[in-house]
Amino acid sequence: MATILVVDDELGIRALLSEILSDEGHSIELAENAAQARAARERRRPDLVLLDIWMPDVDGITLLKEWSATAQLNMPVIMMSGHGTIDTAVEAMKFGAMAFLEKPITLQKLLRAVEQALIKPQARAAANSSNARSVETGYAHGDAVPVSSLTPIASQLPAAPVVLGPQAEQSFQLDRPLREARDAFEKSYFEFHLSQENGSMTRVAEKTGLERTHLYRKLKQLGVDLTRNKRGGA
């Protein structure tokens, strides 16, 4: 699998992305600012960089420009921001970024963007000609990542049972051990809220009162099918 450098000044974002991408089999390097990002890039030569735009010392666009100007942009870069605009995405792609993720980042869009970024350059080249048109219509790289709204691609497809998601009212079999009954309830509870929040771990964490990394571990422990959102967004 790939070596991915995650650059973000928020500890919670770094921890969450690290855990998710590690579970996908990738090797993760973390940096909280531009200085650490430069050092990590020299040390590990990452296959992909996830780069936050708003950082306290040197912002992500400036670091991207620096790598581009010094011929160090030999890996794909996905920009991240909670305050992104079409203009920001256009500027980032002008200096070599291949996609733009708006926070809060949903699981399916993160995994899809990473998957597309890691395909071989020859295969990626076939899609490069559509990048400019994609940005103008609100997408950062083909149909990989919406720039302005990031509404799930699944919402644009014909209705299917899986899109409807878990219902608010469900029945549970109580004639079983307490732990099994509790796990069944918690699994349905989190599946319902993930469906309601379009797979956004950040919004589900806020709604349920759990820290994001703890929430992700809880979902894995309960056996919640996180790949269902990934497939739905493909």
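A few comments on the model shown:
- Check on Leu30, among the aliphatic types (A, V, I, L, M), under 26 Å from Asp87 (Cβ atoms) and touching a residue at least 24 places away in the same chain (Cβ under 8 Å): no
- Taking each residue of segment 4-25 that is at positive phi and looking for partners that are surrounded by fewer than 18 Cβ atoms within 10 Å (Cβ to Cβ) and of a type outside the set (Asp, Glu) with beta-carbon atoms closer than 8 Å, six or more apart or interchain, yields Gly25/Met1.
- Search result, residues across segment 61-104 that are within 15 Å of the chain's Cα centre (by Cα), over 19 Å from Arg45 (Cα atoms) and aliphatic (A, V, I, L, M): Met80, Ala99, Leu101
Every residue, every condition in (1) polar (S, T, N, Q); (2) under 24 Å from Tyr216 (Cβ atoms); (3) assigned to a loop (DSSP other than H, G, I, E, B), yes or no:
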residue: Leu17; (1), (2), (3): no, yes, no
residue: Glu42; (1), (2), (3): no, no, no
residue: Pro56; (1), (2), (3): no, no, yes
residue: Met93; (1), (2), (3): no, no, no
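- Considering only residues in segment 1-16 that are of a type outside the set (A, V, I, L, M) and closer than 21 Å to Ser200 by Cβ, the one that is least open to solvent (accessible area, probe 1.4 Å) turns out to be Asp8.
- Scanning segment 82-96 for residues that are crowded, with 21+ Cβ neighbours inside 10 Å, modelled with pLDDT of 80 or more and either of a type in the set (D, E, K, R) or more than 10 Å from Lys65 (Cβ to Cβ) (or both) yields Ala89, Met93.
The values are calculated or read from the model by the stated rules, or taken from the named source; none is laboratory data. Note that the coordinates shown come from a computational prediction; the quantities given were computed from them, not determined experimentally. Here the Cβ is made from the backbone with ideal geometry for all residues, glycine too, and neighbour counts use every protein chain on show. Heavy atoms of the whole protein, side chains included, go into the accessibility calculation; ligands, DNA and RNA do not. Shrake-Rupley method; radii C 1.70, N 1.55, O 1.52, S 1.80 Å.
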